[in-house]
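Notes follow the structure.
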Amino acid sequence: MIKKKGSIVRLDTENTTLVMKADTAEYLYYGRRLGSVADFGIFEGNPPRNMLSFPHRPDYTEPNLILCNADGGATYEFTFSRARIFAEKPELSELPSSYGESKTVEFKYVDLPTKVSLYLYYTVFEDCDVIAVSARLVNGSKKEIRVRRLMSLQLDLPGIEYDIVTFEGAWARERHKTERRIEGGVFCNESMRGSSSHQNNPFVMVKGDKGIFALNLVYSGNHKEIFACDTEGGKMRVLAGMNDYMFDWQLAPGQELQAPEAVMCFAPDEDGVSAQMHTFVSEHIVRGKWKKRERPILFNNWEGTYFNFNEEKLLSIASAAKELGAEMFVLDDGWFGKRDTDTCSLGDWYDNVEKTGGGLGRLAEKIRALGLSFGIWVEPEMISEDSDLYRAHPNFAMKIPGRTPTRMRHQLMLNLADERVQNYVVRAISDVIARSGAEYVKWDYNRSMTDCYGKGVPAGEYFHRYMLGYYRVVSRIVKKFPSVLFEGCAGGGGRLDLGNLCYFQQYWTSDCTDARERIDIQEGTSYGYPQTIMSAHVSASPNHQTMNSSPIFARFNVACGGVLGYELDASVLSEEDRKAIAEQIAFYKENRKLLQFGDQYRLRGANSAGFITVAKDKNSAIAVVNLLGWRCATPEPYIRLKGLNPAALYEVSADGKQFTASGDMLMYGDIPLAGIIKYDVARENSGCIQSRMYVIKRIKQG
Ligand code: GLA
């Protein structure tokens, strides 16, 4: 709900309230929901602490706007023009954004000498306590201006006593939770790699004594979250938006620059933040036919074969997978051009008839004849120098004339800022999907940007112009194939962000498939994103990335925290593993709705970590608890569950045993993990995690 009284604008979600003063662009209050009698007279002529939603003029703290005016000056002085409430959220031009029934307030401010206008938008999503924010700058002057920074959201918070939580990592080690206190100065969480990155996800949290503010960005390119302590003003300024690294946008008279959408929420604790973000992503970001549909159990051949396969091998994996209960076979990298290694053929999206036994169309038919649907891997934004595409169109590649470009994984990127290249990619990839009839597409992206250059594109605009081109391409392709399930990927989870989730209903969480590592990666991801978007595969043991070994049930238990798949050569499994996998798949199918669409909570105890996924009606739940290591003669570990109905009685099954317990006992008591350490398993898998699954069913109403 949004209400305006004089210059006071009050935005309410189910559990939070944001109060703003339109004429001074100040935040008067943001936090727990206020009652209906809340009165803001106290602030008349007595502004709280100058908490600004943007600075009217540069104010010696990190600004959300840096301009270069035609008169050579860099200053501005914005005055309030108007505030309007819309029943529906206006679309963001050329950028992905959240959707759904959502009231929006628009604030307009004008710099009178130059007639440059700044529009700010605040949209409420009441069901999930999220407020979406964006900014748009319009050059109403008669001369070009340069924009050096335009952030999407500024949130000034009182005091500087906050802990900043970011989700950091690297390839195969994404989104590890990192918490730190900033006691002065400026701290940035950012990416300058051209993508949202493995290293610093745009989702961040700010923890204070009132609770937690969380922010994310609906954007897949360079981003920056700034936390600036203003010790004199006694506040913490939080900014989120496109990174201003190399940013210098030429805004001609009459033109506008739209900043990507940012989103924010407030909750008393971490579980509250995650619950809000999960609902927000599931309801207002992910879209299309697959939004609420149960996701298929797929077998992907990548870790099973890498580039080394032929039709016979693929069909043997697929038929073994089918026998185990799989629903889809996904053909990963290596099916096109002459791609037997990662040194060639990106861009040549035509079938390698030898490896695929006559082309994708024929192979897909054979896969379907086995009773599986067919999925395909592509990496549309890339080009190998050893490719027919490069030989015919070397200028399609992103590189600076006269310089040797930096290669990563031997490849270059395509210059998607160029419309001709965009059209090529749309044509080539649409043709792959059409001729294979693929029901699923894995859209990969395996390097960072360097050598940014496009003819006619100023260097200071390149990163963002690339993203606009990328969004044009991906949106055209997904629109053409509305029935296809799209999974995003970037060398694992290197571009897992809200921008991409507007197109891809799920995302390959990480190239690391080791259960032990996945516990942290999936747990970190779960702070800002629901399990429905987290692809999680059981792979071979010892694991190919870490060489750790773990038993098949532990690998499965961890993968149940996301969307289950398998990534191994199903045709060479031991009898024991075949039996186990068949049982796992049957169990997963029975519980898929709960596992994929239930409410998931993190479980952390001393030396243990896991999750519980609870059905919306709280009648059933599945919990997985992993012991991360153990030492001799340490106290027995225990766990507390979450999300159950405290008054209900549940039957709990684990490790072939059953017991009954009330919801409150399971949540507030300490459940001993006695017997979780299986010494025979440990002997075979030295140092492995010890994992247990609890299947919980309500037997008596609360
Ligand atoms: C990336 C992906 C992997 C696999 C390979 C293929 O690393 O993350 O899952 O598809 O590319 O080259």
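General observations
- Taking the stretch 29-38 as the range and being surrounded by fewer than 20 Cβ atoms within 10 Å (Cβ to Cβ) and in contact with a strand residue (DSSP E or B) (Cβ under 6 Å, 6 or more places away or on another chain) as the test, the residues that pass are Y29, G31, R33, L34.
- Selection of first residues in the stretch 474-496 that are at positive phi and within 11 Å of the ligand (Cβ to nearest atom) and of second residues that are open to solvent by less than 10 Å² (accessible area, probe 1.4 Å) and among the aliphatic types (A, V, I, L, M), restricted to Cβ pairs under 9 Å at least 6 apart or on distinct chains, gives the following pairs, ordered by first then second residue: G492/I521.
- Per the listing Y466, Y445, the residue uniquely within 16 Å of the ligand (Cβ to nearest atom) and surrounded by 17 or more Cβ atoms within 10 Å (Cβ to Cβ) is Y445.
- Considering residues of the stretch 211-243 that are of a type outside the set (G, A, S), at pLDDT 95 or above and assigned to a loop (DSSP other than H, G, I, E, B) only, the residue nearest to L501 (Cα to Cα): Y219
- Candidates E327, E354: the one that is under 25 Å from S539 (Cβ atoms) and either in contact (Cβ under 8 Å) with a residue 40 or more places away in the chain or β-branched (V, I, T) (or both) is E327.
- Scope the stretch 604-621; condition in contact with a helix residue (DSSP H, G or I) (Cβ under 9 Å, 6 or more places away or on another chain) and either modelled with pLDDT under 95 or in a strand (DSSP E or B) (or both); matching residues: R604, A609, G610, F611, T613, V614, S620, A621
- Candidates are the residues of the stretch 287-334 that are assigned to a loop (DSSP other than H, G, I, E, B) and within 11 Å of the ligand (Cβ to nearest atom); the one that is nearest to L485 (Cα to Cα) is D332.
- Taking the criterion of being of a type in the set (D, E) and within 15 Å of R495 (Cβ to Cβ), the only residue of the stretch 169-189 that qualifies is E174.
- Residues in the stretch 268-315 that are at positive phi and touching a helix residue (DSSP H, G or I) at 6+ places or on another chain (Cβ under 8 Å): G288 alone.
- In the stretch 344-354 there is at least one residue that is within 14 Å of the ligand (Cβ to nearest atom) and in a strand (DSSP E or B).
- Where strands (runs of 3 or more DSSP E) fall entirely within the stretch 100-188, those with at least 3 residues that are open to solvent by less than 10 Å² (accessible area, probe 1.4 Å) are at 104-111, 116-125, 130-139, 145-158, 163-168.
- Taking the numbered list (1) under 19 Å from the mean Cα position of the chain (by Cα); (2) open to solvent by 50 Å² or more (accessible area, probe 1.4 Å) in turn, K618 passes all entries but (1).
- Residue, most open to solvent (accessible area, probe 1.4 Å), within the stretch 557-584, restricted to residues that are more than 16 Å from the ligand (Cβ to nearest atom) and outside any helix (DSSP H, G or I): S574
- Every condition in (1) open to solvent by 10 Å² or more (accessible area, probe 1.4 Å); (2) within 16 Å of the ligand (Cβ to nearest atom); (3) within 28 Å of S475 (Cα to Cα) is met by K338 except one, and the failing one is (3).
- Residues located in the stretch 244-261, provided they are open to solvent by 10 Å² or more (accessible area, probe 1.4 Å) and part of a loop (DSSP other than H, G, I, E, B): D244, Y245, M246, F247, D248, A252, P253, G254, Q255
- When A74, A83 are checked against the criterion of being open to solvent by less than 70 Å² (accessible area, probe 1.4 Å), at pLDDT 95 or above and over 30 Å from N500 (Cα atoms), A83 stands alone in meeting it.
- Residue check for K89: in contact with a Pro (Cβ under 7 Å, 6 or more places away or on another chain) and of a type outside the set (G, A, S): no
- L360 being touching a residue at least 12 places away in the same chain (Cβ under 8 Å), crowded, with 21+ Cβ neighbours inside 10 Å, away from the ligand (no atom under 12 Å from the Cβ) and of a type outside the set (S, T, Y): yes
- Lone qualifier among G184, G194 - being in the same structural domain as D271 (by TED's automatic domain parsing) and more than 22 Å from W508 (Cβ to Cβ): G184
- Of the residues making up the stretch 392-399, one or more are farther than 23 Å from Y471 by Cα, among the hydrophobic types (A, V, I, L, M, F, W, C) and either away from the ligand (no atom under 16 Å from the Cβ) or not in a strand (DSSP E or B) (or both).
The values are calculated or read from the model by the stated rules, or taken from the named source; none is laboratory data. Remember, predicted model here, so these are calculated numbers, not experimental data. Positions of Cβ are backbone-derived with ideal geometry, glycine not excepted, and every protein chain shown enters the neighbour counts. SASA here: full protein model, heavy atoms, side chains in, ligands and nucleic acids out. Shrake-Rupley method; radii C 1.70, N 1.55, O 1.52, S 1.80 Å.
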